[in-house]
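Please read the structure below before turning to the comments.
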Amino acid sequence: MKIVESRSEAYAQVAQWRQTGASVGLVPTMGALHAGHLTLAERSTKECDKSVATIFVNPAQFGPREDFSRYPRTLDDDLQGLRDKQTDLVFIPQPEELYPAGFSTYVEPPSVALPLEGVFRPTHFRGVTTIVLKLFNILPATVAYFGQKDFQQLTVIRHMVDDLNIPIRVEGCQTVREPDGLALSSRNRYLSLEQRQTAQSLSRALTAVAKQVGEGILAVEPLEQSMHHILREAGIERIDYACIVDRTTLESLPQLDRPAVALIAAHVGDTRLIDNVLL
């Protein structure tokens, strides 16, 4: 496994592979890798001739009161995990390599970035689209893999790729969960044992809604009320959203008459968690 910090070296390696006709998979990460990330890396290795991962905690996607400084950094473990998944190249840039002095150009995200996370983290997706486009340019891969747990992020990136005619295919990969249903997240390590039990209510609420839909309840308002009730009953007081929206546009729905997704963002202690289920 080759490890590089220079964007020119990273580009040269991927460009060389592409020139030989090899397919290249890309797994962008912020490190602190868990089994969900490694599932992306494994799929990239299986489906592509060459596989690339990135590790970069992107300051541009953190708000002023968010956890950039304490976001977990576990580089040695991350590299071992990627090595175990037979990743060919890992790009680990320093901040100045991607945001040099005087940097001032950002990508304006598509309209699907405005609701949900866009309300509670208004600058977040500008940082996401900017760093992802930069990585797509530095590492001109065939296909990029992202987790479905960050459903709105996946949707935003798909729209950006379509809108800007970026020649890369975006693949979403299913959320990986703990045995108790908790969606894997790098931030789960912030939770105490008691908080982890509370956090399980996110997946319980989503499972309950999917079951209700399967039983024929298609009006959105009572389904959303059900999610809120389960979260409140578990002791979660701060709920940013627990809602059901159109799967493509992320617009609110009165009735489930098209593919939809239920999404939750809620705070357990000082930790903000997100989860979702397709309906």
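Using θ = phi - 60° in the Karplus curve 6.51 cos²θ - 1.76 cosθ + 1.60, the 3J(HN,Hα) couplings for the range 129-137 round to 5, 5, 5, 5, 5, 4, 5, 4, 6 Hz; x is entered for Gly and Pro. Taking the range 1-22 and a reference point 7 angstrom along Cα→Cβ of Leu75, the backbone N atoms nearer than 19 Å belong to 1-11. The ratio of the alpha-carbon radius of gyration of the chain to the globular-protein estimate 2.2 N^0.38 Å is 1.02. Less than 5 angstrom separates the built amide H of Asp275 from those of Ile264, all sequence-distant by 5 or more or on a different chain. Taking a ≥ b ≥ c as the square roots of the Cα gyration tensor eigenvalues, the range 167-244 comes out oblate, since a/c reaches at least 1.5 and a/b does not exceed b/c. Restricting attention to the range 140-279, close to 80% of DSSP beta bridges with both partner residues there are antiparallel.
Among the listed pairs Lys46/Lys134; Lys2/Lys149; Lys50/Lys149; Lys2/Lys50, a Cα-Cα separation exceeding 21 Å is found for Lys46/Lys134; Lys2/Lys149; Lys50/Lys149. The amide H of Gly147, built 1.01 Å from its N in the peptide plane, has Cys173 as neighbours under 5 Å, considering only residues 5 or more places off or on other chains. Helix 35-47 and the longest principal axis of the C-alpha atoms of the chain enclose an angle of approximately 50°. The 3J(HN,Hα) values that the Karplus relation (6.51, -1.76, 1.60; θ = phi - 60°) gives for the range 63-68 are, in residue order, x, x, 10, 9, 9, 4 Hz. Gly and Pro appear as x.
Report the antiparallel proportion of the DSSP beta bridges in the chain as a percent, rounded to a multiple of 5.
Details: 19 of 38 bridges.
Once the DSSP bridges in the chain are tallied, antiparallel ones form about 50 percent.
I need the semi-axes of the equivalent ellipsoid of the range 56-196: take the C-alpha gyration tensor, multiply each eigenvalue by 5, square-root it, list largest first in whole angstrom.
Gyration-tensor ellipsoid for the range 56-196: 24, 20, 18 Å.
Once you have a ≥ b ≥ c as the square roots of the Cα gyration tensor eigenvalues for the range 126-279, tell me rounded if a/c is under 1.5, and otherwise prolate or oblate according to whether a/b is larger than b/c. Here the range 126-279 falls in the oblate category.
Coupling constants for the range 205-213 follow from the phi torsions by the Karplus curve (6.51 cos²θ - 1.76 cosθ + 1.60, θ = phi - 60°), and in residue order they are 5, 5, 5, 5, 5, 4, 5, 4, 5 Hz; glycine and proline get x.
Computed over the chain, relative contact order equals 17 percent, with contacts defined as Cα pairs under 8 Å that lie 6+ residues apart. In the range 82-137 the Cα-Cα distances spread across 5 Å bins starting at 0 as 4, 16, 19, 18, 15, 13, 10, 4 percent of all pairs.
Quick note: the coordinates plus some simple rules give every number you see, no bench work behind them. Note that the structure is predicted; figures quoted are calculated from it, not measured. Glycine also receives a Cβ, built like all others from the backbone with ideal geometry; neighbour counts cover every protein chain displayed.
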